[in-house]
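**Student:** Below are the structure tokens for one structure; questions will follow.
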2 protein chains.
Amino acid sequence: MPTPRATATRTRLLDAAERLFAEHGFAATSLRTVTEAADANVAAVNYHFGSKEGLLRAVVERAMATVNRERLRLLGELRAAARPPSAADLVHAFVATGAHLGDPQEAGGADLRRFLGRLVCEPDPAIRRLFGAEVAPVEGEYLGALTEALPHLTPAEVAYRYRAMVGLLALHQSGTLTDFHPGPPPAEPPGPDDAARLTTLLTAAFEAPAARG
Amino acid sequence: MPTPRATATRTRLLDAAERLFAEHGFAATSLRTVTEAADANVAAVNYHFGSKEGLLRAVVERAMATVNRERLRLLGELRAAARPPSAADLVHAFVATGAHLGDPQEAGGADLRRFLGRLVCEPDPAIRRLFGAEVAPVEGEYLGALTEALPHLTPAEVAYRYRAMVGLLALHQSGTLTDFHPGPPPAEPPGPDDAARLTTLLTAAFEAPAARG
DNA sequence: AACGAATTCAAACGATCGTTTAAATCCCTA
DNA sequence: TAGGGATTTAAACGATCGTTTGAATTCGTT
């Protein structure tokens, strides 16, 4: 049975790992950096999560649980409406969830977004497998809804554009789309809400006619 | 003066590094793995390139020189035509260069594409700085041409969508868009040329009206 | 108060990392 | 053919990595 103090340590480790993985990536973050930031012992990671990869798995599961719940909730709302959801509706629901994750309420909202954004681009097959398993359920739901909303596209075309949406949102979340040139941050703030820009762009991409084979 | 034998070693190191960086990423690839694959000594890297980062820099410069030359050449062709290039023309020139890099002629074409694709997603600020410096010149040219071709968009909007194009092409090159779920490769081959899918998608994205502020 | 499981801790393990050193080898030139 | 810079080599350096160990400590229960 986990003691209250133990779950507190677990949470501190998860928070610190989420932030540091988001900042430096998984491979480049050492366990000692994590445990130092979490004010815990190095061995605590292996005690609570078994290994470094176990820690990553726990961080991923916690993060994805949040976004999966919200995405399915929004999809349920859309489906409850009179007319079936349009591609624009679906894109907005999907993107807004990712772009506004824990917006101002939680302090670590930005960390969570950056972490998930980085996750999509991770090269390591083990990490990709981990991530793929977590997104599978909501992916199926949205793919189905999008295919119905876009009858002029083959399922393969819809799937390709869906993956493009996931990838682009990830780049948006990880800051790759805005902080393209490292160095001093851009003078002008995000402007007319980058999330809206992204939604517009992706909606147009989905509604485009199929590519000529 | 570099001896012929020395430049051969340099080339073998660059080839091996390009392939291994593409496969495992920069941080996760050890110098010993590279030198082993290149049939060279560990110290050869520091002798020829100064450091591991120096090796990366050399790989990036060699790779980007190829794509920059081709992209500027295609842009010159488009500008030599009677009418100014459309957004579709520009997107096609930009994407096709990245998607068909060293297509069948060179054996390492796939490595080069994957390497450049991974590069865009690299988190390390030092790597991003390195990459940013290499793409700057061609970026300016294409941004200017795209802004002229899309008078209904503000330069900031064009820039945002340009970065989306770069990012999406990178995901395409690194296989993130096609090998989304790790494991057995997809049964159906690339279909109607994924590069064409990407070009269609991006052209529609560029031509979309501006997002409502 | 005392037992015992849960949790934390300091310390060390073996492995691997990027880098450096100094000697050995290659190859062109005089 | 002898000399000398260019290149390669084997070996070691210090640092850091993820993980393990076994003892200390905490804390609810009897």
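**Student:** Expressed as an acute angle from 0 to 90° and rounded to the nearest 10, what is the orientation of the C-alpha long axis of helix A:125-149 relative to the principal long axis of chain A?
**Tutor:** 30
**Student:** Please state, as a whole number in µm²/s, the translational diffusion coefficient that the Stokes-Einstein equation yields for the protein assembly as shown at 20 °C and 1.002 mPa s, with Rh defined as the Kirkwood radius across alpha carbon pairs. Don't skip to the end; give the middle numbers.
**Tutor:** On the way: Rh = 22.9 Å.
The calculation lands on 94 µm²/s.
**Student:** Using a 1.4 angstrom probe on heavy atoms only, work out the carbon and sulfur share of the accessible area of segment B:61-141 in %. Each step should come with its number before you reach the end.
**Tutor:** Numbers: 2110 of 3820 Å².
Of all accessible area on segment B:61-141, carbon and sulfur atoms account for 55 percent.
**Student:** I want to verify a result. In a Gaussian network model of chain B, Cα cutoff 10 Å, which of these has the top mean-square fluctuation: B:Phe115, B:Phe21, B:Phe49?
**Tutor:** B:Phe49
**Student:** Note the distances from A:Arg79 to each other copy's matching label point, with points 7 Å along the Cα-to-beta-carbon direction, in nm, sorted shortest first.
**Tutor:** Label-point separations across copies, in nm and ascending: 5.3.
**Student:** Something else: Total accessible area buried between chains A and B, 1.4 Å probe, in Å² to the nearest 100? Mind showing how you got there, number by number?
**Tutor:** On the way: alone 11990 and 12000 Å², together 19950 Å².
Interface between A and B: roughly 4000 Å².
**Student:** If I fit a long axis through the Cα atoms of helix B:52-80 and take the longest principal axis of the Cα atoms of chain B, what angle between them do I get, 0 to 90°, rounded to 10?
**Tutor:** Once rounded, one gets 30 degrees.
**Student:** Provide, in order from the shortest bin, the percent of all Cα-Cα pairs of segment A:61-207 in each 5 Å bin, continuing until the bin that contains the maximum pair distance.
**Tutor:** For segment A:61-207, the binned pair fractions read 2, 9, 18, 23, 21, 15, 8, 3, 1, 0 percent.
**Student:** Packing-wise, with mean Cβ within 10 Å as the measure, how do A:87-97, B:62-72 rank, highest first? All intermediate terms of the calculation are to be shown ahead of the outcome.
**Tutor:** Numbers: A:87-97: 21.9, B:62-72: 17.5.
Those peptides, ordered most packed to least, come out A:87-97, B:62-72.
**Student:** On to the next question. Give the angle, between 0 and 90 degrees and rounded to the nearest 10, that separates the Cα long axis of helix A:194-207 from the longest principal axis of the Cα atoms of chain A.
**Tutor:** So the inclination is approximately 50 degrees.
**Student:** Please work out which residue of chain B brings its Cβ closest to the axis of the rotation superposing B onto A, and round that distance to whole Å.
**Tutor:** B:Cys121, 2
**Student:** Put a label point 7 Å from Cα along the Cβ direction on A:Ser51, then list its distances to the equivalent points in the other copies in nm, shortest first.
**Tutor:** Distances between equivalent label points, in nm: 3.2.
**Student:** Follow-up. How far, in nm to one decimal, is B:Asp193 from itself in the other copies if the label point is set 7 angstrom along Cα toward Cβ? Shortest first, please.
**Tutor:** The answer, with the shortest distance listed first, is 3.9 nm.
**Student:** Oh, and also: Using a 10 angstrom cutoff on alpha carbons, build the Gaussian network for chain B and name the most mobile of B:Gly117, B:Gly50, B:Gly175.
**Tutor:** Comparing B:Gly117, B:Gly50, B:Gly175 in a Gaussian network model of chain B, the most mobile one is B:Gly50.
**Student:** Related question: Highest GNM mean-square fluctuation, chain A, Cα pairs closer than 10 Å: which of A:Leu112, A:Leu153, A:Leu14?
**Tutor:** Between A:Leu112, A:Leu153, A:Leu14, it is A:Leu153 that shows the largest mean-square fluctuation.
The values are calculated or read from the model by the stated rules, or taken from the named source; none is laboratory data. Predicted model, so just to flag it, every value in this text is computed and none were measured. No Cβ is skipped: glycine too gets one built from the backbone with ideal geometry, and neighbour counts run over all protein chains shown. Accessible surface is based on the protein model in full, side chains and every heavy atom, while ligands, DNA and RNA are left aside. Shrake-Rupley method; radii C 1.70, N 1.55, O 1.52, S 1.80 Å.
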